[in-house]
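Only one structure is covered here, and it is reproduced in the block below.
No value in this document is a laboratory result; all are computed from the given coordinates. Computed from a predicted model, the values in this text were never measured in an experiment. Using ideal geometry, Cβ is built from the backbone for each residue, glycine included, and neighbour counts are taken over all protein chains shown.
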Amino acid sequence: MIRPEVKAELRQNWMMRRLDEIISKDNPTRLLVHLDEIPTDLDIEFTSLFIKRVINLLNGSRSKWDGDNIKGFVALFEDNRLPWTSEDRMKVLSSVSTSQNMELLDVFVELLQIVLDKTHFDSKMNTKLGDYCAQWFRRIVNQIKESRKRSRANGYNYVYTVYQRLFTIYPILDDRRPIKNELLNIAEEEINPFEEAQIYAAAKDIGELSVKEILKSFSTIVQRKLGQSSWKADERLLKKIKLICDCEGRQIRVPNG
């Protein structure tokens, strides 16, 4: 006769295998539905299966990331019913930071905020966090660059968008100065090669980004470009200043002046 404890173990193993089969093809939206349907008194440790499925979806090349699935994914990532470990959360950040999917890249900052709120960091994890933030920023900048090539958008839009993306992540990094400095360096590396007219044209909109370090970084690029110019007449300098200030008339308005 099978002992009761053995029966219980066999039952649990069968239920785990069956649940794994049921959710093995779930997208994030369906996975969230199944999580809601599980009885609260179910006596098996099922939550690890949901975490494993989310990570597998991120690493799968055929996963479909439309708006609903993105929302479901973020909801699962912050759901307190799932005991995400620090290692699991960092795996998710790593996968998203190198994704080719723009929809996933767009939620990296939201995921990062969840990780910062729910995770205790040591020095090793802070180093990894810096790597993931830099990977994400370079990846999203490259995606924007490719999109610009396809749409033939002007350089001004690209210059502004790089700093606008930096603006979305910068404030939540708090006192993590090394990570912030690396992101600023990446932005400057991307913007420096652009023609000065394209950089000056972005000045007005970038001036609306209310982060002192970002404005200082862009100001450094502008000053460098001005210093590299050789003017034959004051009229050329005046044209540059008007372009920076987005002024067409005789009166010059200095943004944030």
Take the residue pairs Lys118/Lys216; Lys64/Lys124; Lys71/Lys91; Lys149/Lys204 and return only those whose Cα atoms are more than 21 Å apart.
Lys118/Lys216; Lys64/Lys124; Lys149/Lys204
Counting other beta carbons within 10 Å of each residue's own, what order do His34, His120 fall into, fewest first?
His120, His34
Counting other beta carbons within 10 Å of each Cβ, put Met16, Met90 in order, fewest first.
Met16, Met90
What full-extension length gain, to one decimal in nm, is calculated for Thr85 and Arg224 as 0.36 nm per residue of separation minus the Cα-Cα distance?
45.5 nm
So what are the ³J(HN,Hα) numbers for segment 131-144, from phi and the Karplus equation (6.51, -1.76, 1.60; θ = phi - 60°), rounded to whole Hz, Gly and Pro as x?
4, 5, 5, 5, 4, 4, 5, 5, 5, 6, 5, 5, 5, 5
Please state the shape class of segment 85-232: rounded when a/c is under 1.5, otherwise prolate if a/b exceeds b/c and oblate if not, all from the C-alpha gyration tensor.
prolate
